[in-house]
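Enquirer: Can you read through this structure? Questions will come right after.
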Amino acid sequence: MNNQDVAKLFKNVAAAYAIKDEKKFRFQILAYQKASEAIAGSTSELKDLYKEDKLNSVPGIGSTIKSRIEELFRKGHVEHFDSVLEGIPGSVFVLLDVPSLGPKKAYKLTSKFSLTNPKTVVDNLINEAKEGNIAKIPTFGEKSQEDILTALLEYKQGKNKTERMVLPYASEIADKIIEYLKKSSAINKVATLGSLRRRMPTVGDIDIAAASDNPKEAIDRFVSYPYKERIIEKGPSTASFLTSGGKQVDFMVQPVEGFGALLQHFTGSKNHNVHLREYALKKGMSLSERGIKDLSKKDGRIRSFDSEEKFYKALGMQWIPPELRENKGEIELAANNKLPFLVELKNIRGDLHIHSSFPIEPSHDLGNNSIKEMVQKANYLNYEYIGFSEHNPNISRHTNKQIYDLIAKRNDEIEQIKSSIKSVRIIKLLETDILPSGELAIDDKSLNLLDASIVSIHSGFNMEKKKLTDRILKGLSHPKVKILAHPTGRLLNERAGYDLEWDKIFDFCKKNNKAIEINAWPLRLDLPDVLVKEAIKYGVKFVINTDSHAVDQMNLMKYGVDVARRGWATKNDILNTLSYNKFIEWIKK
DNA sequence: GCCGTTTTCGGCCCGACTGTTTTCAGTCG
């Protein structure tokens, strides 16, 4: 049973409580929902935490839930849950994934039509809707029936609740809509919010906010967007539609003077807002997207804010960068004026993971552009230095001598370019495979041709956690090796990363002066932000790299900086913010 | 069932929108 399974179980338990008695179990429902979300987002496997007796370290897991999880791993099921879930067919939990259906409606519908089979419930319910039977149930009607049918059909086609978008894709859709909105005179200001603004690696819904003196016209403009599938809802201050690609776009409008509170509210995260509101309540203030209510005054007047800075200031705290708004302690630090000063794109002075098209006969893919073209791009980006890190020559088709010669040839080419382009310094690196044994793919003689090496693993992922950790530590321990690239190997929406004993890795890197890469490739964004935050506690340093295989890809650096910022990294944590001399000093250390 | 600048009891964010009602329940963010 992995984290996702447990998260799903807890979500179902919360739903079961809601079905049985929502009022009575109100706080249990909240507790299980919160625990479910925390578990789904945890970087540690619950099973490991259970073995180490560290379940309490997950926020939202207290003594009761801890003992439930222990029982779950010990016996495979939890007696208390069995009784909570009793009488609720599995079909109900399938319907929970259909938008517009929650626990109550799902339960009513399955009971009314005796649909207990999870595998057939969606099809059967579609038939009931088509035959007009849903509209006959009290509290349902013709419109509900129609909406449910639409939602079920879309669910079956996989049109909604599909996989989350990677950040650049979501940005592009949002930019198009914003472009469209700006052409309306009713829109004074417009911005993306939600997870997009927090720069999450993947984005579920796209949130857009506008300031307008004519909200009605602004909403009309929004729902008239030509590339939409259908409108989901439309009210006086909010609306949403589904794009033709099946992605939901939410839109909110406030008058110009209230835009700050709106930005704050819809940037989230949910957990940040909940905590911020609890914090404000203790100070006698009630927060909403409209502004701040002073509870000590009886007039119920809401004070509005045209900027977020003023909104946070009214709460007695610093403005909090959106990337930090995940309820990880940022509120308390902001109240004490102690937020970290996060690294910015303009601090980056070089890119160290570059694949050129030099014919090094590599183990994996070659780049598309020449060394010279990549250097010119680095110059255009105002970098001080660039590091070439092609994959090592394929070891099954070359002798050690041939490998040595190929690397030497590449170095010759670099030397030539060095003499023609002086504005950018070039560092001779290589992305060397760590073999399953922990040995490096090339020998010391070849490694000595380099200023340093980046290492990574590209095969044999399916090793046990401890073995994989030892393998990586062995690879890292070579004196020429300075950077561990894309450390989890994850590919967003494709494969989960491999799990390592991160405490050992971080500890080793700190003690031996090795850096960890934050890979900016949008499908990787690896090391993930939560682990960045964890590594910083150990004092580990990072290098943010694009892993570019073409000139244009060097523009992706910003996505790596996003990850660093979400991991609370300052300029001091990122080595490629150093000057060339300082960076080389670190490499030689 | 969780949790602590109201700290081991007594609180627990706030509002929008929709459909089916005629004041509210359910869902969502």
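Every number here is computed from the coordinates shown, using simple stated rules; none is lab data. Everything numeric here is computed off the predicted structure, so don't read it as measured data. Cβ sites come from the backbone with ideal geometry, for glycine too, and all protein chains shown count toward neighbours.
Enquirer: In nanometres, what is the gap between the two model label sites at A:Leu366 and A:Asp123, each 7 Å from Cα along Cα-to-Cβ?
Expert: 5.2
Enquirer: A further question on this structure: Can you tell me the relative contact order of segment A:456-589? Whole percent, Cα pairs under 8 Å, sequence separation 6 or more.
Expert: Relative CO of segment A:456-589 lands at 21 percent.
Enquirer: By how many nm would the segment from A:Ile395 to A:Lys270 grow when fully extended, if each residue of separation counts as 0.36 nm and the alpha-carbon distance is taken off?
Expert: In short, 40.0 nm is gained.
Enquirer: Along the positive direction of the dipole of chain A (beta-carbon charges: Lys, Arg +1; Asp, Glu -1; about the Cα centre), which of A:Ala569, A:Pro359, A:Tyr169 reaches farthest?
Expert: A:Ala569
Enquirer: List the trypsin sites (Lys or Arg not before Pro) in segment A:375-409 that DSSP assigns to loop (not H, G, I, E or B) and whose Cβ has at most 16 other Cβ atoms within 10 Å. Which are they?
Expert: Passing both the DSSP loop test and the Cβ count: A:Arg397.
Enquirer: If you take the square roots of the eigenvalues of the alpha-carbon gyration tensor of segment A:208-360 and sort them as a ≥ b ≥ c, do you get rounded (a/c under 1.5), prolate (a/b over b/c) or oblate?
Expert: oblate
Enquirer: Run the numbers for A:Glu233 and A:Ser357: contour at 0.36 nm per residue of separation, minus the present Cα-Cα distance, in nm.
Expert: 39.6 nm
Enquirer: Where the only charges are on Cβ atoms (+1 Lys, Arg; -1 Asp, Glu), what is the dipole of chain A about its Cα centre, to the nearest 20 debye?
Expert: Computed about the Cα centre, the dipole is about 1320 debye.
Enquirer: Could you give each residue of segment A:5-20 its phi-based ³J(HN,Hα) in whole Hz, using Karplus coefficients 6.51, -1.76, 1.60 with θ = phi - 60°, and x for Gly or Pro?
Expert: 5, 5, 4, 5, 4, 5, 4, 5, 4, 4, 5, 5, 4, 5, 5, 6
Enquirer: Here's a follow-up. Can you tell me the FRET efficiency between A:Tyr538 and A:Leu295 if r is taken as the Cβ-Cβ distance and R0 is 51 Å, rounded to the nearest 0.05?
Expert: 0.75
Enquirer: Moving on. With Cβ to Cβ distances under 12 Å as the rule, what net charge do the other residues near A:Lys75 carry (K, R +1; D, E -1)?
Expert: -2
Enquirer: Moving to a separate point now. For segment A:118-213, run through the GluC sites (Glu not before Pro) and keep only the ones in DSSP coil with at most 14 other Cβ atoms within 10 Å of their Cβ.
Expert: Passing both the DSSP loop test and the Cβ count: A:Glu131, A:Glu163.
Enquirer: Then there is this: In segment A:43-111, which trypsin sites (Lys or Arg not before Pro) fall in coil by DSSP and have 15 or fewer other Cβ atoms within 10 Å?
Expert: Passing both the DSSP loop test and the Cβ count: A:Lys54.
Enquirer: For segment A:486-500, take each phi angle, set θ = phi - 60°, evaluate the Karplus expression 6.51 cos²θ - 1.76 cosθ + 1.60, and give the result in whole Hz per residue in order, putting x for glycine and proline.
Expert: For segment A:486-500, the Karplus curve yields 4, x, 9, x, 6, 10, 4, 6, 10, 9, 6, x, 7, 8, 10 Hz.
Enquirer: Related question: 5 Å is the cut-off here: which amide hydrogens, built 1.01 Å from N in the peptide plane, fall below it relative to A:Asp250, excluding neighbours closer than 5 in sequence?
Expert: A:Ile206, A:Asp207, A:Ile208
Enquirer: Follow-up. Once you sort the root eigenvalues of the Cα gyration tensor of segment A:491-589 as a ≥ b ≥ c, which label holds: rounded (a/c under 1.5), prolate (a/b larger than b/c) or oblate (the other case)?
Expert: It comes out oblate by the Cα gyration axes.
Enquirer: In nm, to one decimal, how far is the A:Asn56 label point from the A:Asn133 one, both placed 7 Å along Cα→Cβ?
Expert: 5.2
Enquirer: Over 26 Å between Cα atoms: which of A:Lys176/A:Lys313; A:Lys401/A:Lys428; A:Lys11/A:Lys465; A:Lys108/A:Lys228 fall into that group?
Expert: A:Lys176/A:Lys313; A:Lys11/A:Lys465; A:Lys108/A:Lys228
Enquirer: Is the shape of segment A:165-280 best called rounded, prolate or oblate, per the rule: a/c under 1.5 gives rounded, else a/b larger than b/c gives prolate, else oblate, with a ≥ b ≥ c the square roots of the Cα gyration tensor eigenvalues?
Expert: Oblate shape, in that a/c is at least 1.5 and b/c is the bigger or equal ratio.
Enquirer: Add -39500 (n - 2.57) for each DSSP H run of 4 or more in chain A, then divide by its residues: what number comes out at 222 nm, to the nearest 500 deg cm²/dmol?
Expert: Calculated from helices alone, the mean residue ellipticity at 222 nm is -13000 deg cm²/dmol.
Enquirer: Just grab the label-to-label distance for A:Lys156 and A:Lys282, each label 7 Å out from Cα along the Cβ direction, in nm (one decimal).
Expert: Here the answer is 5.2 nm between the modelled labels.
Enquirer: While we're on this one: Whole-Hz ³J(HN,Hα) for each residue in segment A:170-187, computed from phi via Karplus 6.51 cos²θ - 1.76 cosθ + 1.60 with θ = phi - 60°, x for glycine and proline: what do you get?
Expert: In residue order, the calculated couplings are 5, 4, 5, 4, 4, 4, 4, 5, 5, 4, 5, 5, 4, 6, 8, 6, 6, 9 Hz.
Enquirer: Take every Cα pair under 8 Å in chain A that's 6+ residues apart, average their separations, divide by the length, and report that relative contact order as a whole percent.
Expert: 8
Enquirer: Counting only other residues whose beta carbon sits under 9 Å from that of A:Arg490, what net charge do I get with K and R as +1, D and E as -1?
Expert: After counting each charged neighbour, the total is 0.
Enquirer: Considering the Cα positions of chain A, please state its Rg to one decimal place and its Dmax as a whole number of Å.
Expert: Here Rg and the maximum Cα pair distance are 27.1, 84 Å.
Enquirer: Subtracting the Cα-Cα distance from 0.36 nm times the residue separation, let me have the gained length for A:Asp205 to A:Glu86 in nm, one decimal.
Expert: Using 0.36 nm per residue and subtracting the Cα-Cα distance, I get 39.4 nm.
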